[in-house]
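Each value in this text was obtained by applying a stated rule to the coordinates, not by laboratory testing. All figures in this text were calculated on a predicted structure; none of them were measured in a lab. Glycine also receives a Cβ, built like all others from the backbone with ideal geometry; neighbour counts cover every protein chain displayed.
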Amino acid sequence: MRKTPCFPSPLLTRFLEKELLFIVMPLKNLTTKADFDTYSRQPGVNLVHFSANWATACGQLNEIFEVLVSECKGSFNVAVVEAEDVPEASLQCGVTAAPTVVFFKDGQEVDKIHGFHPTDLKALIVKHTIGGRPKAAEPETAEELNSKLHRLINTARVTVFMKGDRHQPRCGFSRQIVDLLNQLNVDYWTFDILQDNAVREGLKVYSDWPTYPQVYLDGELLGGLDVVKEEIQNPAFVEKMPKIQH
């Protein structure tokens, strides 16, 4: 099984410093194919981390998972499989490298990430929990909504709240912001405000910014399209934006 590159430790440190406001929870270990089958078929959102004890990135990913599971308070589960020790499970999921994370939802495989990609990982967790969860019968309290907005804003280093998503913007301003970020090769995540009116209206108050799109960097509001257009004229600003690694 081939190794994947380790994530730079300074970035991991900053990530954990931000997230370790929560008490971490140990992860479940699946040591047999029967354990894997039982776990992956249970209701809810259940992630399986196919790990290798010789891969530093796998240990780092487990640390991140422990924090995220505690932060999200039961909205999803994570279990660890030593890929080489349970080859039947690895073969079933098409695992060829460690780390690999497989997402199961109500017993069905719905997503997969090969390698160490925390930004993509958090985006998929949001997609299958916050983003895809049916609306509750009772409206969220202000505290619950603010907590949700905080998690969404910090899903990635650069987060864009917009109409539509990066693949299909649904207004001219949103399309322009996507084009700008793509031209700069920025690694960013988007949230479609048309899919959640509570987020759409709540974020205006939370960040004291009445219009969309809204762009956040490292959890702080940058502003809208005009602000970003002005900021990217500064090479130092462009330099600190996270870039997609090819």
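Structure above, values below:
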{"quantity": "Label-point separation in nm, K33 to K229, each point 7 Å along Cα→Cβ", "calculated": "6.0 nm"}
{"quantity": "Normalised alpha carbon radius of gyration of the range 144-240 [divisor 2.2 N^0.38 Å]", "calculated": "1.00"}
{"quantity": "R41/D218 FRET efficiency (R0 51 Å; Cβ-Cβ; nearest 0.05)", "calculated": "0.85"}
{"quantity": "Entries of K33/K148; K33/K243; K33/K122 with Cα pairs more than 29 Å apart", "calculated": "K33/K148; K33/K243"}
{"quantity": "Dipole of the range 144-240, positive direction: furthest Cα of G219, Q176, Q233, with charges on the beta-carbon", "calculated": "Q176"}
{"quantity": "Among H150, F161, G115 the positive-end extreme of the charge dipole of the range 35-190 (Cβ point charges)", "calculated": "F161"}
{"quantity": "Convex hull volume per residue in cubic angstrom - Cα atoms of the range 22-85", "calculated": "69 Å³"}
{"quantity": "Stretchable slack from Q176 to K243, in nm (0.36 nm times residue separation minus alpha-carbon distance)", "calculated": "22.3 nm"}
